[in-house]
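The values are calculated or read from the model by the stated rules, or taken from the named source; none is laboratory data. Model, not experiment: these values are computed from the prediction. In this analysis, Cβ positions are derived from the backbone assuming ideal geometry, glycine residues included, and neighbour counts consider all displayed protein chains. For the accessible areas, the whole protein counts, side chains as well, though only heavy atoms, and no ligand, DNA or RNA atoms are used. Shrake-Rupley method; radii C 1.70, N 1.55, O 1.52, S 1.80 Å.
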Amino acid sequence: MQEFDAIVIGAGAAGLFCAGVAGQRGQRVLVLDHSEKVAEKIRISGGGRANFTNRELDPQAPHKHFLSANPHFCRSALSRYTPADFIALVQRHGIPFHEKHKGQLFCDHSADDLIQMLLRECDAGGVQRWQPCGVKAVRQGGDGLYELDTERGPVRGRKLVVATGGLSIPKIGASDFGYRIASQFGLRLVERQPGLVPLTFDGDGWAPYAGLAGLALPVRIETGDKKNRMAFLEDLLFTHRGLSGPAVLQISSYWREGTPIRLNLAPDTELPTALARAKASSRKLLANELAALVPSRLADAWVQQDADWQRPVADTTDKALARLAERLSRWEIAPTGTEGYKKAEVTLGGVDTRELSSQTLESKQPGLYFIGEVVDVTGWLGGYNFQWAWASAHACAQAL
Ligand SMILES: Cc1cc2nc3c(=O)[nH]c(=O)nc-3n(C[C@H](O)[C@H](O)[C@H](O)COP(=O)(O)OP(=O)(O)OC[C@H]3O[C@@H](n4cnc5c(N)ncnc54)[C@H](O)[C@@H]3O)c2cc1C
């Protein structure tokens, strides 16, 4: 039976990076994946250009951009392997990249540049890759080594690293394997749910807005009560079934079922003042005046909601104008659900961080490590999830 110092299950962002770093530190490493292609999530990420890190990640307080039952858990790994470290690696490989907004870094050409970089790093470390290769069973032998029954036969490793990611996008290889391994060894899990995901609304309640599908605009979005309020200033996208766009993806990770979200659809405009000015000086329909303040499709759809808003602005009562301003700047609506793992970018929850060392990512089961998205650490939209994959993989590789 073949034997390795470390076996990494999952050739995605975290698994490939960990394997490469560990291999270059002299470990004999095997990385295996049940998918035919490696790192499919990197390939489809960031619209095909992979938003691979974020310059705004604060190494002193990285937990600001991450969700976890223990928000401080990620600090150790993230502060020891920073965006600057990963940028230096990308530069060493001559991969051109650019910054979009809010510190987000993307490849200029294609996410494949990043995948090829990770594979070159693995080659430099003499890493063996088995793919496609499913794992049928995992057990710990009497000598403490991990024995795996794989589709390519049995294999043994002194250390086992689980880097199987989350549940989102099952059609490109996502599975619950990592959570099952954790449970098999008695490690606790934090409940999983889709994150960075579009929100849906019930058919009748959504009917007035269905015609807005395709409309995008900057908004302020918030959820939670006074104590736990979370807010983002980002772009909103109306879809046929509900709301999406960066604003909604961000808030979806904080939204809890049964609670509303609140939106300011004109965050840069003092609506009461602007509407009062229009009333004093214009003979136009209110919808036309409103179209100067928000996108015209939104203005048209919005005034349909109230007969008092369907007349010249000069003839609209102050009360009706105040109601309109209030409804646009504090639009409260309760999602009925999310688009689920089919559309989610990440999985919230996962292997409970209380079971893991924040320094090494080793679990309470000696020799068994969990890295990347399978762990209960979820980043904001904007390159934070990949940075967690790189940082947790790096911390683990140092310890193998
Ligand atoms: C559409 C989309 C866009 C995204 N865009 C971005 C972005 O721009 N920036 C960003 O930071 N994050 C982005 N993300 C999130 C990011 O892709 C993930 O957080 C990241 O890939 C997690 O890395 P990982 O290595 O933990 O898991 P993954 O990269 O998902 O890798 C897990 C690997 O494990 C393998 N695997 C699973 N089960 C098994 C099994 N039973 N046996 C063997 N192998 C198995 C899978 O085939 C896969 O190769 C995006 C996600 C999606 C879905």
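Applying the selection to the stretch 20-61, what residues are in a helix (DSSP H, G or I), away from the ligand (no atom under 12 Å from the Cβ) and farther than 22 Å from Thr150 by Cβ? First the steps, then the outcome.
Going through the stretch 20-61, the residues in a helix (DSSP H, G or I) turn out to be 20-24, 40-48.
This time we only want the ones that are away from the ligand (no atom under 12 Å from the Cβ), so: 20-24.
Within the stretch 20-61, Val21, Gln24 meet the criteria.
Residues are listed down the side, and each one gets a yes or a no for (1) out of contact with any Lys or Arg (no Cβ under 8 Å at 6 or more places or on another chain); (2) within 30 Å of Glu56 (Cα to Cα); (3) of a type outside the set (A, V, I, L, M); (4) outside any helix (DSSP H, G or I):
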{"site": "Leu89", "(1), (2), (3), (4)": "yes, yes, no, no"}
{"site": "Gly94", "(1), (2), (3), (4)": "yes, yes, yes, yes"}
{"site": "Phe106", "(1), (2), (3), (4)": "no, yes, yes, yes"}
{"site": "His109", "(1), (2), (3), (4)": "no, yes, yes, yes"}
{"site": "Leu114", "(1), (2), (3), (4)": "yes, yes, no, no"}
{"site": "Arg120", "(1), (2), (3), (4)": "yes, yes, yes, no"}
{"site": "Ala137", "(1), (2), (3), (4)": "yes, no, no, yes"}
{"site": "Asp143", "(1), (2), (3), (4)": "yes, no, yes, yes"}
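Here is a list of conditions, (1) part of a strand (DSSP E or B); (2) surrounded by 21 or more Cβ atoms within 10 Å (Cβ to Cβ); (3) β-branched (Val, Ile, Thr), and Ile181 meets all of them except one; can you say which number that is?
Status for Ile181: all satisfied but (1).
Exactly one condition in (1) more than 16 Å from the ligand (Cβ to nearest atom); (2) surrounded by fewer than 17 Cβ atoms within 10 Å (Cβ to Cβ); (3) over 17 Å from Trp380 (Cβ atoms); (4) basic (Lys, Arg) is not met by Arg229; state its number.
(3)
Report yes if Asp235 is of a type outside the set (Ser, Thr, Tyr), within 21 Å of the chain's Cα centre (by Cα) and not in a helix (DSSP H, G or I), otherwise no.
So Asp235 fits the description; yes.
Could you tell me which of the residues Leu32, Leu16 is closer than 18 Å to Gln398 by Cβ, in contact with a Cys (Cβ under 8 Å, 6 or more places away or on another chain) and in the same structural domain as Ala137 (by TED's automatic domain parsing)? Give the derivation first.
On the way: Leu32 fails: closer than 18 Å to Gln398 by Cβ.
After ruling out the rest, the residue left standing is Leu16.
For a quick check of your reading of the model, give me the residue pairs whose first member lies in the stretch 164-187 and is more than 15 Å from Lys343 (Cα to Cα), whose second is more than 10 Å from the ligand (Cβ to nearest atom) and open to solvent by 40 Å² or more (accessible area, probe 1.4 Å), with beta-carbon atoms closer than 7 Å and at least 6 apart or on different chains.
These pairs meet every condition: Tyr179/Leu189; Ala182/Leu189; Ser183/Leu189; Leu187/Lys364.
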